[in-house]
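First the structure, in the form of structure tokens, and then the observations on it.
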Amino acid sequence: MKTYIDLFAGAGGMSLGFEMANFKNIFAIEYDKEIAQTYARNFPKNKLIIKDIQKFTNQEIIECIDGIDVDVIVGGPPCQGFSLAGRIGRSFIEDDRNYLFKEFLRVVKVVKPKIFIIENVARMLSHNKGETMKEIISRFTKLGYSVQYKILQASDYGVPQKRRRIFIVGTTEGSFNYPLPNQKIVTVKEAIGDLPFLKSGNVSDIPNHIAMKHTEQMLTKMSYIKNGGNRSQIPEEIRPKTGDIRKYIRYSSEKPSVTVTGDMRKIFHYEQNRALTARELARLQTFPDTFIFEGKSISIQQQIGNAVPPLLSYAIAKKVKESLREVILNGPTVS
């Protein structure tokens, strides 16, 4: 069985995809204790390290591996240096705001997996006029990896959601081919249309992992919105004075959704006057209904919105397995 390590594991979207492809987890690391509860509940057999990766020493990494040959390291290191101005020309990896990317590089250097996979926002490709991507490739090339990258659209892989992300893949031997798009696009209605119809936000009879309660104020605001409407239609007495500038929008039922993020309270159900429940958001991310999210509602939304869609991860994992199989069949490269 092929092995993987998940850095910045979050709720476990990347892990789930790789385990669907029959990879065995060596360890996963997540620093947020509340998010880690979700991972631990859904992956009880995996070794979960709840720790700041900066404090996870090289020796601890070696002890966790315990002599096992690691096939792949996956992860989406959060990077804060994309949107802030004034740093053009500076090294991306040496920028203090991107220290977690540097930690990913460190773990790869220590573990020396056959393949690594980095998932990140699509704008990484154009950041700093392309110099950031050149630097990333250069750093991993010096470690002996052949590096390629591609922006994938999640809706091309069975995910009922428009979500563009870049996947950077490094290999030491053999080749890697990105998954081809599916023929069929999954719509919002196909993804969530069978879930319970909620009346007035009363979800007391629905299991907690399926539904999320909505406040009366939220429901009242929603009742004023028509298709294509915005916050200007909400009466002044219940309209927030600040911090509510995003338009309220309603999903089309016949298309994939817009990108699921960590704050989806202002996104309407395509048919009902309410925000989407946590389970509906999870469906749009392709988490199965058996996957339970732990924590407060805002944390759960963030966990779902920040995750890699498991079906997209699964598509990547299958191609990783093909790449590893190719190396075994052809043998190591002789220089």
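The values are calculated or read from the model by the stated rules, or taken from the named source; none is laboratory data. Keep in mind the model is a prediction, meaning the values are calculated, not measured. For neighbour counting, all protein chains shown are included, and Cβ atoms are generated from backbone atoms with ideal geometry for every residue, glycine included.
A few remarks follow.
- Annotation note: of K162, K199, the sole residue that is modelled with pLDDT of 90 or more and surrounded by fewer than 20 Cβ atoms within 10 Å (Cβ to Cβ) is K162.
- Residue match in segment 49-64 (condition: assigned to a helix (DSSP H, G or I) and either within 26 Å of V260 (Cα to Cα) or among the acidic types (D, E) (or both)): yes
- Condition check for I50: over 21 Å from M1 (Cβ atoms) and out of contact with any Gly (no Cβ under 6 Å at 6 or more places or on another chain): yes
- Of all residues in segment 155-189, those satisfying the criterion of being in contact with a helix residue (DSSP H, G or I) (Cβ under 9 Å, 6 or more places away or on another chain) and within 16 Å of T261 (Cα to Cα) are V159, P160, Q161, K162, R163, R164, R165, V188.
- Taking (1) at pLDDT below 95; (2) in contact with a Phe, Trp or Tyr (Cβ under 8 Å, 6 or more places away or on another chain) in turn, E34 satisfies each apart from (2).
- Count of segment 16-55 residues which are under 22 Å from C79 (Cα atoms), in contact (Cβ under 8 Å) with a residue 40 or more places away in the chain and crowded, with 19+ Cβ neighbours inside 10 Å: 2
- Scanning segment 28-48 for residues that are not in a helix (DSSP H, G or I) and not hydrophobic (A, V, I, L, M, F, W, C), we see that the one that is farthest from V110 (Cα to Cα) is P44.
- Single residue of segment 109-159 satisfying the filter (buried (at least 18 other Cβ atoms within 10 Å of the Cβ) and polar (S, T, N, Q)) that is farthest from S175 (Cα to Cα): N128
- If you check V327, V320 for being part of a helix (DSSP H, G or I), crowded, with 18+ Cβ neighbours inside 10 Å and at pLDDT below 90, only one passes: V327.
- Of residues in segment 239-285 being acidic (D, E) and surrounded by fewer than 16 Cβ atoms within 10 Å (Cβ to Cβ), the one modelled with the highest pLDDT: E254
- Residue match in segment 269-283 (condition: under 29 Å from P113 (Cβ atoms), in contact (Cβ under 8 Å) with a residue 24 or more places away in the chain and out of contact with any Asp or Glu (no Cβ under 6 Å at 6 or more places or on another chain)): no
- The one condition in (1) of a type in the set (V, I, T); (2) surrounded by fewer than 20 Cβ atoms within 10 Å (Cβ to Cβ); (3) closer than 21 Å to Y145 by Cα that I5 fails to fulfil: (2)
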